[in-house]
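The values are calculated or read from the model by the stated rules, or taken from the named source; none is laboratory data. Nothing here was measured: the structure is a model prediction, and the numbers come from that model. All Cβ positions, glycine included, derive from the backbone under ideal geometry; neighbour counts span all protein chains shown. These accessible areas exclude ligands, DNA and RNA; they are computed on the full protein's heavy atoms, side chains included. Shrake-Rupley method; radii C 1.70, N 1.55, O 1.52, S 1.80 Å.
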Amino acid sequence: MCGIVGYVGSEQAAPILLHGLSKLEYRGYDSAGLAVRDGVKNVEIVKAKGRLKVLAEKTNDGKALVGTCGIGHTRWATHGEPSELNAHPHCSDDGNVVAVHNGIIENYQELKEKLLKHGYTFYSATDTEVAVKLIDYYYKKYAGTPVDAINHAMVRIRGSYALAVMFKDYPEEIYAARKDSPMIIGITHGEDGKEGAAYLASDVPAILNYTRHVYYIGNMEMARLRKGEVTFFNLDGDEIEKELTEVKWDAEAAEKAGFEHFMMKEIHEQPKAVADTFHSVLKDGRINLEEMGLTEEAIKEISQIVIVACGSAYHVGMVTQYVMEDLARIPVRVELASEFRYRRPILTKDTLVIVVSQSGETADSLAALREAKNHGVKTLAIVNVVGSSIAREADYVFYTLAGPEISVATTKAYSAQLIAGYCLSMEFGRVRGQVDQEAYDEMLAELETIPDKITKILEDRERIQWFASKQVAAKNIFFIGRGIDYAISMEGSLKLKEISYIHSEAYAAGELKHGTISLIEDGTLVIGVLTQSGLYEKTLSNMVECKSRGAYLMGLTSYGHYNIEDTADFTIYVPKTDEHFAASLAVVPLQLLGYYVSVAKGLDVDKPRNLAKSVTVE
């Protein structure tokens, strides 16, 4: 997710903007820029690729930009590679409108074609430039106010956005608009002979050094910022009243949007990450992979799939293997990237190698991608970072839209990758004639419900917290399941061990009796995952085997399987869904379990020992 800041007052804007952007560095970015206006003079725009210090050096820490009204931005690329040209702010052809933007404009191509017909030209590959020029178009077409222009554009734009806009004709004003993407507006009133000021930002930390008095702009609302004054408007352009709020968080807590840790914040961001990723490929009632270059003809030529990944991404691959083979009836195998690169894999010309990586820079996965390309086979990347090495080198790219993930233990990126795996499986099944239209439509409808079902699970987190508090002294914990439930168990086990430092293992439930059950003793926690109805009784019987040897049992299953309480000592239920998609729901309680155990032990949840967010060395 990108970062936005804005300032209008009596002080020089650029240093304030740079300071605000520095407080948003945790959000991740690949380029940054400032636009500052000095009275009625034309706006001056400065951009830089890379970290914020490059922009600071370029502007002499902001001193080189004169003016008391400006906007700034740190970009996390979604459309177009990281570059100065694609960096924000963007401006209209004549410099009349300048703006920065967070979010994704889904119909930007359609709007761009409209604007091209009206004589507009485009210099970047971004969706933001389209929004800027659309606002300029309506401003000139109706000879109205900035509010008129922005609300006309808002009606036409599909997607999510937080916009900060400056107009040449209004040199000491900033206009803001919001849909889904966060934005906050701060205010200081003049006192001790000083004029007031107004601030805007995509998150509270950017403005906490200047004011704790803020407004939360609502969805589909607009705002006008002047010195010490903010006016709000609804979509009709009518003025509306907003309540001024005092922020009581400290700066560090505010960066986490009120959550104690980034991990919990990111767990709660999963519904949006899932929805955004799904909707990015949903076009006209079907999953469209052609925009990433994967045509139906290309799909028909593929006879086997190899999924290569590390860590949680490997667990995504395990789920995808079960789903893809069942829906598309195509052979799939999942490989650890660190192993794949050091052997001589048998890859035929009709093999597709799918590489899964949050950062797109994972060293082993990148090496595996290159090994596959050396064999002359097609490659597809599932990555979360535009312009990353894996994304650049793969033949096809499926971008997950999880936004930057700060906590080392992945949650929302994992969930977004699952959605990518489902979408690929469904489309391969449809194209290969294995999934009929009725089943396809039913699965699409079910995927639409996943975000709300995740939200429902999160509402029951206090119960999981209570259970987690009882496991602080545990030394060994086992997760068991069959099929997709086994893959879920693998991710649940990893979440627990990486942040709580409790030894845990995941086993295919039927394998316990082939040796590992000898480790079960009185009080050992065994967590059984049972979301697959055809395997439910089998896994339940394996849990009974553990209980007879003294295990304490936790069950994780779907609504309706209430007879599990005859066996399990503690049970967590998740909403029913198409069983192919069960991992998206069942993983959430396991994420919460790992989180709450770690918190109860007083550990550093976001930065567990010995681990790094992106493993870029072998």
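Tabulated results
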quantity	calculated
Packing-based order for 361-373, 545-557, using average beta carbon neighbours within 10 Å, highest first	361-373, 545-557
Cα long-axis angle, helix 13-22 against the chain (0 to 90 degrees, to the nearest 10)	0 degrees
Folded to 0 to 90 degrees: helix 437-458 orientation relative to the chain principal axis, Cα	80 degrees
Computed label-point distance, nm, for sites E301 and L116 using a 7 Å Cα→Cβ extension	2.7 nm
Amide H within-cut-off set for F398, under 5 Å, with H built and near neighbours excluded	A381, I382, V383
Under 5 Å, built H, 5+ apart or other chain: amide partners of V334	I307
Binned Cα-Cα distance frequencies in segment 515-592 - 5 Å width, integer %	3, 16, 28, 23, 17, 10, 3, 0
Accessible surface of the chain [probe 1.4 Å, protein heavy atoms]: carbon and sulfur percent	47 percent
In Hz, Karplus ³J(HN,Hα) per residue of segment 595-603 (6.51, -1.76, 1.60; θ = phi - 60°; x = Gly, Pro)	4, 5, 5, 4, 4, 5, 8, x, 8
Solvent-accessible heavy-atom area per residue, rounded to whole Å², over segment 253-326 at 1.4 Å	36 Å²
Descending Cα extents along the principal axes, segment 468-618, whole Å	42, 36, 31
Built amide H within the under 5 Å cut-off of V574, gap 5+	T557, S558, Y559
Cα Rg, Dmax (largest Cα-Cα span) when computed across segment 134-211, Å	14.7, 45
Fully extended contour minus Cα-Cα distance, from N288 to K349, at 0.36 nm per residue	19.6 nm
Solution diffusion estimate, µm²/s, Stokes-Einstein, segment 240-336, Kirkwood Rh from C-alpha pairs, 25 °C, viscosity 0.890 mPa s	140 µm²/s
Segment 241-312 and segment 539-618: distance between their alpha carbon centers, rounded to Å	22 Å
Å² of accessible area per residue within segment 45-138, as computed with a 1.4 Å probe and no ligands counted	37 Å²
Across K412/K601; K179/K248; K475/K576; K248/K470; K283/K453; K58/K248, pairs whose alpha-carbon gap is larger than 29 Å	K475/K576; K248/K470; K58/K248
Charge dipole of segment 419-507 about the Cα centre (unit charges at C-beta), most positive-ward option of Q437, T455, I488	I488
Volume in Å³ per residue [convex hull over Cα atoms, computed for segment 342-382]	57 Å³
Beta bridge orientation in the chain: antiparallel %, DSSP, nearest 5	60 percent
Calculated diffusion of segment 420-523, Stokes-Einstein form, Kirkwood radius summed over Cα pairs, 20 °C and 1.002 mPa s, µm²/s	127 µm²/s
Derived scalar couplings ³J(HN,Hα) [segment 506-515; Karplus, 6.51 cos²θ - 1.76 cosθ + 1.60; whole Hz; x for Gly, Pro]	10, 9, 4, 3, x, 8, 3, 6, 8, x
Average projection area in nm² (convex hull over Cα atoms of segment 88-231, one quarter of hull surface)	8.6 nm²
Spread of Cα-to-Cα distances over 20 Å intervals beginning at zero, given as percent, for the chain	19, 48, 28, 4, 0
Eligible aspartates and glutamates near K23 by straight Cα distance, threshold 14 Å, same-chain separation 8 or greater	D203, D250, E252, E255
Equivalent ellipsoid, segment 35-140 (semi-axes from 5 times Cα gyration tensor eigenvalues, Å)	24, 18, 10
Neighbour-limited loop hits for trypsin sites (Lys or Arg not before Pro), segment 457-490 (at most 14 other Cβ within 10 Å; DSSP other than H, G, I, E, B)	K470, K475
Over segment 472-532 - Rg/Rh using Cα atoms and the Kirkwood inverse-distance radius	0.95
Pairwise centroid distance, computed over Cα atoms, of segment 177-213 with segment 98-119, Å	28 Å
K456/K63 FRET efficiency (R0 51 Å; Cβ-Cβ; nearest 0.05)	0.50
In Hz, Karplus ³J(HN,Hα) per residue of segment 483-494 (6.51, -1.76, 1.60; θ = phi - 60°; x = Gly, Pro)	x, 4, 5, 5, 5, 4, 4, 4, 6, x, 5, 5
Farthest toward positive dipole pole in segment 529-601 [+1 Lys/Arg, -1 Asp/Glu at C-beta], among V599, T571, A586	V599
Helix axis angle, 127-142 relative to the chain longest principal axis, alpha carbon, degrees	40 degrees
Mean Cβ neighbour count within 10 Å, used as a protection proxy, ranking 345-358, 62-75 highest first	62-75, 345-358
